[in-house]
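Let me begin by presenting the structure, written as C-alpha cells, before commenting on it.
The values are calculated or read from the model by the stated rules, or taken from the named source; none is laboratory data. In this text, all values refer to a predicted model and were calculated from it rather than measured experimentally. Glycine also receives a Cβ, built like all others from the backbone with ideal geometry; neighbour counts cover every protein chain displayed. Just the protein is used for accessible areas: all its heavy atoms, side chains included, with ligands, DNA and RNA removed. Shrake-Rupley method; radii C 1.70, N 1.55, O 1.52, S 1.80 Å.
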Amino acid sequence: MNRLSTNIAASALGLLLLAGAAVHAEKKPKNKKAYDLGANPLAGVNSKQPDKELYDKAMLAIKKGRFDVARLDLQTMLNTYPESEYRMRAKLAVGDSWFKEGGSAALTQAESEYHDFITFFPNAPEAAEAQMKVADIYYSQMEKPDRDFKNAFQAEVEYRNMINQFPDSTLVPRAKQKLREVQEVLAEREANIGLYYVSRENYNAAIARLQTVVDTYPLYSKSDQVLLGIGDAYAGEAHTVQMAAKMPGAIKERMRAVYLDKAAAAYAKVITRYPMAPHVEDARDRLVAMNRPVPEPTQEAVAENDAEERSRQPLHFTDKTLGLIKHGPTVVEAVHVGEPTLEDPKRTLAPDMTKQNIAIYTDAYNAGRPAAPAAVVTPTGPNEPPRTDSPSTAPLQTAPPAGGNSVGAEIVAAPAADPNAVIKPVGPSTTVVPAAEKPANAPDQVNDVKPGSTPAVSATDPKTKKPKVDSDEESSSKKKKKKGLAKLNPF
C-alpha cells in the first residue's frame, strides 16, 4: 500500500514537472527593439576562454556604468590576445563605453574610436553599426531650429554616408528615418528665415531661402506654406514693379506679367504636389483671385501625399510643453514614408535672384524693339593680321642665291592687292615715280649801294677818317649846355 502511494506521488510529481516545463517553454522572451545597438551579441556564447571572460567582464562593467573599468578590461584583452576572435567586438565596445558615458569630450572620443573601427574593419557588418553611432552622436547634440545648426548639418552628412556606404545593412531603414527627422529640423530653420524675409518685403532673399527648401527637402511637413510664401513673394515683386514711378508703363506691364506667372506656378504646385496639405485651399483662393485656372491633382499625387500626411504624428500639447524644456528639437511631425534626399541640389542664393530680376527687366525693355544690326564682317585677305593661335604661312628664309642680297633672306614678290582691302599692303611698288625736278637757279646778286653815294668805310681801316656828323639829322641824348641869355629860356 505504501509502495502504491509512493508510485502515485511520484507520478503526480512528474506530471507537475512536465506541466511546469511546458509553461516555461510557452513563455516567450521580451521583444527587443528592432535595432538595439547597445545589446551584446556575444552574451549567449558559452565559452570559458580568457579573452571571452575579459570581454564579458567589460560588458558587465559598461552595463553598471563603470566605464573606466570596462575600457581597462577591453584594452587588456586587445593587448594580450591580439588574435582573439572577439577583438572586433572589443574594439567597437571601447567606442560604446565613451558613447554611453556622454558629455562633449566623451562623445568626441567615441567618434574617434568609431572612425578607427571603420578604418580597421571596413568590410565587417559592424562597420555600418559604427557609422550609425557616429551619426547618432551628432543627432543627440542637435539644437532647436532657431539655434546653431552645425550638429544637425553634420548629422545629415553622417546618415547619408551610412546609407550610401552600407546600402545592404539592416540599419538602413532606421538611418533613413533619422535622416528624415534631421531634414525636418534643417527645413524648419530655412523656412522660418525665408518667411521672415517675406514679412520684411526682402523678396530676393525670401525666394532664395524658400526655393532651397522646396528643392532640397520635399518631405518637409510645411512645404505647402513654403510654396505659398514663394507665391506671395513673387506677387509682392509684381506690386513693387507696378508702384515704380520712374519706369515706363509698357515695361511695368511686361515685368508684372512675368512675376504673376511665377506666383501662379507656385500656388499651382501646392495643389498638384500637396493636395492633402492643410493650406491647399488657400492656394486655390489665391489662384481664383488672380483669375488663373485651378489645376486638378492626379490620383498618384493624392495617394502619395495622403500616405505622407497619415504617417506624421500629431503635435500634442505635451509635445509643445516638453519642447520648451528639453534641449533638442521636436521632430514628431517628421514624415515616416518616402525617400529622403541623399544629395543636396544646388542652393538658390539671393544674388541669383538679383540676376534673374535683371534678366526680366532686360527682356521687358527689349521686347518690341527692332533687333540690333549684325556686326560688319571684315573680309579676310592678305591684310588680315597674323594670329597667335595658328602657324604663319610666310615662306621661310633661305640661303641667298647667286646675286642675292647680303642679308640671306629671299625677296618675295608682294601678292596682288585686294581691291576690297581697307588697308593697302606695304611693299615694293611697281608705279613709276617721276624724277625729282632740279631746283631753280638763285637770282644774281644786286649791289644795294647807289651810284654817287659814299661807300661804307670799314671801321678797321686806321687811315680813313670818320665823316662829320650832322647834328640836326642825328639824335642824341646829350645836349649842349646853354650860354649867356639862352640860360633864361626854358624852351
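Relative to the Cα centre, what is the charge dipole magnitude of the stretch 136-236, using +1 at the beta carbon of each Lys and Arg, -1 at the beta carbon of each Asp and Glu, and rounding to the nearest 20 debye?
Here the stretch 136-236 has a charge dipole of around 100 debye.
Sorted by mean Cβ packing within 10 Å, highest first, what order do the peptides 205-218, 238-251 take? Spell out each step's value before the answer.
Working: 205-218: 22.9, 238-251: 12.6.
Those peptides, ordered most packed to least, come out 205-218, 238-251.
For the stretch 100-234, just the Cα set please: Rg and Dmax, both in angstrom.
Computed over the Cα atoms of the stretch 100-234, radius of gyration and Dmax are 17.7, 54 Å.
How big is the charge dipole of the stretch 263-305 about its Cα centre, in debye rounded to the nearest 20, if each Lys and Arg gets +1 on its Cβ and each Asp and Glu gets -1 on its Cβ?
Details: 5 positive and 6 negative charges, 39 e Å.
Here the stretch 263-305 has a charge dipole of around 180 debye.
Under a point spin-label approximation (7 Å from Cα along Cα-to-Cβ), what is the Thr119-His316 distance to one decimal in nm?
For Thr119 paired with His316, the spin-label model returns 4.6 nm.
So for the stretch 280-341, Kirkwood radius off the Cα pairs, Stokes-Einstein at 20 °C and 1.002 mPa s: how many µm² s⁻¹?
145
In what order, largest first, do Ser169, Ser199 sit by accessible area if the probe radius is 1.4 Å?
Greatest to least solvent exposure: Ser199, Ser169.
How charged is the neighbourhood of Arg189? Take every other residue with its Cβ under 14 Å from the Cβ of Arg189, and add Lys/Arg as +1 and Asp/Glu as -1.
Values: positive: Lys144, Arg147, Lys150, Arg209, Lys222, Arg347; negative: Glu143, Asp146, Asp148, Glu156, Glu181, Glu184, Glu188, Glu190.
In short, -2.
Report ³J(HN,Hα) in whole Hz for each residue of the stretch 318-332, in order, from the Karplus equation J = 6.51 cos²θ - 1.76 cosθ + 1.60 where θ = phi - 60°; Gly and Pro get x.
Residue by residue, the stretch 318-332 yields 5, 5, 5, 5, 5, x, 7, 9, 6, 6, x, x, 9, 10, 5 Hz.
Please report the carbon-and-sulfur percent of the accessible area for the stretch 49-176; probe 1.4 Å, protein heavy atoms only, DNA, RNA and ligands left out.
52
Looking only at the stretch 211-253, which residues have a backbone nitrogen under 20 Å from a spot 7 Å from the Cα of Asn164 in the C-beta direction?
Zone members listed by number: 213, 215-219.
Whole-Hz Karplus ³J(HN,Hα) for the stretch 108-125, in order, using 6.51 cos²θ - 1.76 cosθ + 1.60 and θ = phi - 60°, x for Gly and Pro?
5, 5, 5, 4, 4, 5, 5, 5, 5, 5, 5, 5, 7, 10, x, 9, 6, x
Keeping all protein chains in place, calculate the accessible area per residue for the stretch 131-201 (probe 1.4 angstrom), answer in Å². Mind dumping the intermediate values first?
On the way: 3140 Å² over 71 residues.
Computed with neighbouring chains in place, this is 44 Å² per residue.
Each residue of the stretch 209-225 in turn: what ³J(HN,Hα) in whole Hz from Karplus with 6.51, -1.76, 1.60 and θ = phi - 60°, glycine and Pro shown as x?
5, 5, 5, 5, 5, 5, 6, 9, 10, x, 8, 4, 5, 10, 5, 5, 5
Given H placed 1.01 Å from N in the peptide plane, which residues other than close sequence neighbours of Gly338 have an amide H under 5 Å from its amide H?
So Gly338 has HN proximity to no qualifying residue.
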